[in-house]
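The values are calculated or read from the model by the stated rules, or taken from the named source; none is laboratory data. This one's a predicted model, so the numbers in the text were calculated from it and none came from an experiment. Because the Cβ atoms are built from the backbone with ideal geometry, glycine has one as well, and the counts that use them run over all protein chains shown. Remember, those area values only see protein heavy atoms, side chains included, never the ligands or the DNA or RNA. Shrake-Rupley method; radii C 1.70, N 1.55, O 1.52, S 1.80 Å.
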Amino acid sequence: MLPYKDHLAEELEQAGVRTYCMSRTRTDLRWPSRLMNLIRDCEWDIVHVHSPLPGSVARLAVLTMPRADRPRLVSTEHNQWSTHRGPTRALNAVTSRFDDVTFTVTDEVRRSMCGPVAKRAETLQHGIDVASVAAAAAHRGRIRNELGIGSDELVVGTVANFRPQKDYPNLLQAARLLADRDVPVRLVAVGQGPQESETCELRNELGLQERVILTGFRNDATSVMGACDVFTLASRWEGLPVALMEALALGLPVVATDVGGVGEELVDGKTALLVPPSDAASLAHAIERVVTAPELREALARAASERAVDFDVVSAVARIEAAYAALAPEAAATSPEPVIPRRRRPLPKGLDIRDATPDDRPAILELCRASLGWGDDSRFDELFSWKHDQNAFGPSYMWVATDGGKVVGLRAFMRWEFVRDDEVLRAVRAVDTATHPDYQGRGLFTAMTLHGLDVVKDDGVAFVFNTPNDKSRPGYLKMGWKEVGRLPVGIRLASPMAAWTVVRSRTGASHWPEPLHLGDPVAEKLDGDLGGPTGRTGVRSVCTNRTTEFVRWRYGSAVLGYRAIPYSGDGVAIVRCRRRGQSRELVLLDSFGERPPSPRSIDDWLQSSRATHALRLGRYGSTAGFAPYPAGGPLLTWREANSMAPPPAINWALVMGDVELF
C-alpha cells in the first residue's frame, strides 16, 4: 500500500511471491480501486488481510463478486481496535463479520474486538526464525565499529518506528535521567516514520547527541540489535512486536513497558523488567538496574534465550496452513510445487554467441554503421568508446553473434551503480544492440539478451534497467522485463507562443547537440569541485552512485556538448541543447548545490540559448516553475538478475542524466 515501504518486497519475490504496489505516489488515493480490481480479476482461493483499512476494502471487493467466484476470507488483527481511527474502526467492525477465520496476535487484541468476530477470533502467536535471528549476533564487532561504539561500552538498543505508539519522548526523557545520574550507557534506536525529525530535535534539545544514536531505517536492524547489550521498548500500546521476539532470540535482557502482548508473554522480574507506559522515571530506573547489575543482566539474558524457543515461527505456520487447507481443500490437494521456468534461448542454427574481444571492435563498428545508420560520422565511434570503454563503473559487458567467424550481431550491457540506504546495488543498463540486415527477424536479439542475463547474473549483478521505446518494449516484456512506471518530466516554455511550436514538434530529438554558449564546457568545470548533488533522497530511495569519477565521466564527453552553468552561489547545472523538429530544447540533466536552479535562472538560459523550452526529470512540481510534460517522461523498465523486487516509480530518485539516451 505504501510505495516508500517496499523493503519486504524483495525477499518475497525472491521466494517466488508476486508482489504488487497499489499506490504510485505518497498521496495516491486510487489504491482502493486497484486493490478491488486485483481481487476481482484473479481467481484467488483465499484473501488474507492484515490491516484494517485495506482489509475492509478487500472484503468489500469479495462481497461484490458472484457467490460462486468469491474467495474465502482470513484476517489477522495485529493491534487493539481502540487504537484505530474511528471511521476505520467502524468499517473494520462491519466488514470483519464476513471473515471465515480470524486470528489475533495477542489475547488483549482479541478482547478489544466486538461483534460476531469477537466470538470466533483465535489468538495465534506469530513468530520468527529463531536460529537465523540468533546468528545476527556475529556482526556485533562490525556494527559497533560502524556506529563508533567501543567494545567495552554498554548499549541499550530499540527497534521502533517514529510514531506516537512507540512513545520516543518517554524513552528520551528516560535517557536524560540516566545521563543526569551519570549511568554509563548509550542508546541506539533504529527506525523511520512521520515523527523522525521531531524525535531528532527532541534528542538535541535534551543534549543527548553523544548518548543517543538515531540510525534511521536499517535493513540490518537485527544485526544492530545483536550489537547491543540490552533491548528496550517504551511503547504506549502494542500487539506482539517482532523486534521483541528478535531481542529474546538474541539473548538480550529486556526492559519494556507493560502493554499488550509484551505483558502477556513476559513476566516482570523473571523474563524481563516491565514498567508502566508513559513513565520515564520508572523506565530509567529499570534500565539503570540492568546496566549496573551484571548478575541481573546475565539472568535476564538466560531467561530471554529460554523464552525465545516459544516464538519459533514453525507452529504459527502450521496453524495458518491448516486453516487454508480447511477453507480451500481442493486447492490444497491439487496445488503443484512451484515451477521455475527454464529460460529458452532460440539461437538460430549455425550461429554462435561469445564475449566480444578488442579484435572484434572494427567489425562491431562496421556492423553498427550497416544496421544503425551511422554512416561515416566518426563521432559515433568516439561515443561508442566513451560509453563502453571509459565508463567510471567499468567496461561494458559485450557479446557478439558470429556466423562462420563473421560478426552479425551485437549486444551490450553498460555497467551502472545505484545506492539505496547506503547499500551499493550493481546494475547494468541494456543499451546498444545491432543485428546485420541479412540476419534480422531470426531471434538474435532475444537470444543475445537472454545470454547476457545469464552472464550478469553469475557475476552478481542485481538487476538490468533501461527505458526502451514503444517499438522495442514488447520484446523486452516478453523476456520478463517489468514496467516500473513512467518517470515524471517537467517543461518550462520560453514564452506562451512557444507552446504551438512544441506541439508541432512531437518527434524524436536530434542525436547530436545544438551549439550552446552558456556556461563552460563541463570538462573545464570538472577541474574544480562541483559540490554535492541537488536534493535529498528519502528512505528506500534509489539513486545513481554519483561518485566524483562517475560525474567526470558522465558529463565529460565532448561530442555530446554538455555545459556547466553556475547559478545562485555555488550551484552548478549541467545542460545540453538539442533540436526536436522545429523546436530548440534545453535539457537540464543534473544540478549540484543546495537547491535546483530558480525559474528566473532558467528563463535567462532560455533567452540566451534561444531555446523554445526547457525539460527536466524529477518531482519538482509547479514551485520550481515546471509544468508536467503532456506526453510524460520515459517508461522505466526492470529485469531482475539477482534482486527480484523492482522499487516502485516513486522510490527512484533519478535525474535526466541517468536515463538520457546517448
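So which aspartates and glutamates pass the test for Lys457, namely a Cα distance under 13 Å, with those fewer than 8 places away in the same chain ruled out? Counting by Cα, and skipping residues close in sequence, Lys457 has these aspartates and glutamates nearby: Glu640. In terms of its alpha-carbon gyration tensor, the range 150-295 comes out rounded; the largest-to-smallest axis ratio a/c stays below the 1.5 threshold.
Helix 52-63 and the longest principal axis of the Cα set of the chain meet at an angle near 80°.
Other residues with beta-carbon under 15 Å from the beta-carbon of Asp6 carry, at +1 per Lys or Arg and -1 per Asp or Glu, a net charge of 0. Along the axis of the charge dipole computed for the range 1-158 (Cβ charges of +1 for Lys and Arg, -1 for Asp and Glu, origin at the Cα centre), the listed residues Val155, Ala61, Thr104 are led at the positive end by Ala61.
The relative contact order of the chain, computed from alpha carbon pairs under 8 Å that lie at least 6 residues apart in sequence, is 12 percent. Mind running the shape call on the range 12-87? Use the C-alpha gyration tensor, a ≥ b ≥ c as the square roots of the eigenvalues: rounded below 1.5 for a/c, prolate if a/b tops b/c, oblate otherwise. Verdict is rounded for the range 12-87.
Within the assembled protein chains, the solvent-accessible surface assigned to Tyr397 is about 20 Å², based on a 1.4 Å probe. Spatially, the range 426-450 and the range 16-79 are offset by 39 Å when compared through their Cα centroids. Spin-label pair Arg181-Ala318: with each label point 7 Å from Cα along the Cα-Cβ axis, the two points sit 4.4 nm from one another. Here r is the Cβ-Cβ distance between Ala325 and Ser197 and R0 is 56 Å; the resulting FRET efficiency, rounded to 0.05, is 0.75.
Distances between every pair of Cα atoms in the chain, grouped in 20 Å steps from 0 to the bin holding the largest one, split as 15, 41, 34, 10, 0 percent. Taking the longest Cα principal axis of the chain as reference, the axis of helix 294-308 is set at about 70 degrees. Between the Cα long axis of helix 86-95 and the first principal axis of the chain there is an angle of about 90°, rounded to the nearest 10. Here the accessible area of the chain is 51 percent carbon and sulfur, with a 1.4 angstrom probe and all protein chains present.
Taking the Cα centre as origin and putting +1 on Lys and Arg beta-carbons and -1 on Asp and Glu beta-carbons, what dipole magnitude results for the chain, to the nearest 20 debye?
Working: 80 positive and 82 negative charges, 533 e Å.
For this selection, approximately 2560 debye.
Grouping the Cα pair distances of the range 1-135 into 10 Å bins from zero gives a pair-distance distribution of 11, 36, 37, 15, 1 percent in increasing distance order.
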